[in-house]
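Worksheet for the structure shown next.
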Amino acid sequence: MRLAPLYDVASTLVYDFDPRKLKLATKIGGKYLLAEIGPRQWKKFAAEAHFPKQEVLAASQEMARSLPQAMRVVAGDSGSTRPEGGD
């Protein structure tokens with residue numbers, strides 16, 4: 001099983017924002033706010049989508065683990081997540 005990347009999350013990470021207020025385009029387990037999404041919401045999402053819960057949890061944990069490094073690579077490992085020339 002593969003889950004689509006969280007494009008609406010990843011596309012906002014290069015800008016200054018308050019992650020507690022980040023609202024997704026679609027619900028995950030009944031929640032839009034990223035800060036409100038945890039294992040319970042991923043399990044609910046899995047049940048609604050008829051996916052195995054443990055596989056969904058493992059995939060979501062892997063995305064959460066790998067996203068910071070992926071953003072560093074995209075940002076050119078400059079230590080900044082802001083685009084060049086962005087003020």
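Cβ separations smaller than 7 Å between residues 6+ apart or across chains give the following pairs from segment 28-46 residues that are more than 15 Å from Ala59 (Cβ to Cβ) and touching a residue at least 12 places away in the same chain (Cβ under 8 Å) to residues that are among the basic types (Lys, Arg) and surrounded by fewer than 16 Cβ atoms within 10 Å (Cβ to Cβ): Leu33/Lys23; Ala35/Arg20.
Just to be sure I understand, how many residues within segment 31-61 are closer than 21 Å to Lys21 by Cα and not in a helix (DSSP H, G or I)?
Residues of segment 31-61 closer than 21 Å to Lys21 by Cα: 31-42, 45, 60-61.
Then keep just the ones that are not in a helix (DSSP H, G or I); that gives 31-33, 37-38.
The total comes to 5.
The numbers here are math on the coordinates, done by the rules we state, and not lab data. Computed from a predicted structure; not experimentally measured. No Cβ is skipped: glycine too gets one built from the backbone with ideal geometry, and neighbour counts run over all protein chains shown.
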